[in-house]
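None of the figures in this text is laboratory data; all of them are computed from the coordinates on show. Note that the structure is a prediction, hence the values are computed from the model and not measured. Glycine also receives a Cβ, built like all others from the backbone with ideal geometry; neighbour counts cover every protein chain displayed.
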Amino acid sequence: MIHFDTNALIALPLWARSGHPALTRIVEGEPCAVCAVVWYEFLAGPVEAEEVRLAHAFIRGAVVPVEAADARLAAMLFNDAGRRRTLKTDALIAATAIRAGAEFFTLNVADFEPFVDHGLHLAESAGI
């Protein structure tokens, strides 16, 4: 299972042209998704309707809701990471990926590194 961060959704067209490993895995049948927070950030744009349509088709409509367990885990992640305001949303995104047991792709690897010790699996080629 692969989860994408907002910036990874934005990078999909570039990744498609360059043959990014995540896209190869998905084409070969590996499931992928984004959490509802990522989907919200993506839709907030700026983004064109065609980009939304393509991203939604690519993830096969798999927008994962944020559940109560995610909120509890995100609060713990946020507190353990030093309560930096910039990490609030990232903690919730990370918690959803952790619950899904997903490999997480982001261009902002450093923003998510504080959550690795708590079970977030950052993809090795995430920042490519």
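Could you give the distance between the Cα centres of the stretch 24-77 and the stretch 79-114, to the whole Å?
14 Å
Kindly state, to the nearest 0.05, the FRET efficiency for ALA49 paired with LEU14, given R0 = 30 Å and r defined as their beta-carbon distance.
So the FRET efficiency works out to roughly 0.95.
So for each of 46-55, 4-13 I average, over its residues, the number of other beta carbons within 10 Å; can you give me the resulting order with the highest mean first?
Top to bottom by mean Cβ count within 10 Å: 4-13, 46-55.
Given Cα pairs under 8 Å that are at least 6 residues apart, what percent is the relative contact order of the chain? It would help to have the intermediate numbers written out before the result.
Values: 165 pairs, mean separation 38.6, N = 128.
About 30 percent, as a whole number.
Across the stretch 51-128, what fraction of all alpha-carbon pairs, as a whole percent, falls in each successive 10 Å bin from zero upward?
19, 48, 29, 4
Let me know the whole percent of all Cα-Cα pairs from the stretch 1-121 that are separated by more than 16 Å. Kindly include the intermediate steps, with their values, before the conclusion.
Values: 4233 of 7260 pairs.
In whole percent, the share of Cα-Cα pairs in the stretch 1-121 beyond 16 Å is 58.
Kindly express, to the nearest 10 degrees and within the range 0 to 90, the angle between helix 49-58's C-alpha long axis and the longest C-alpha principal axis of the chain.
80 degrees
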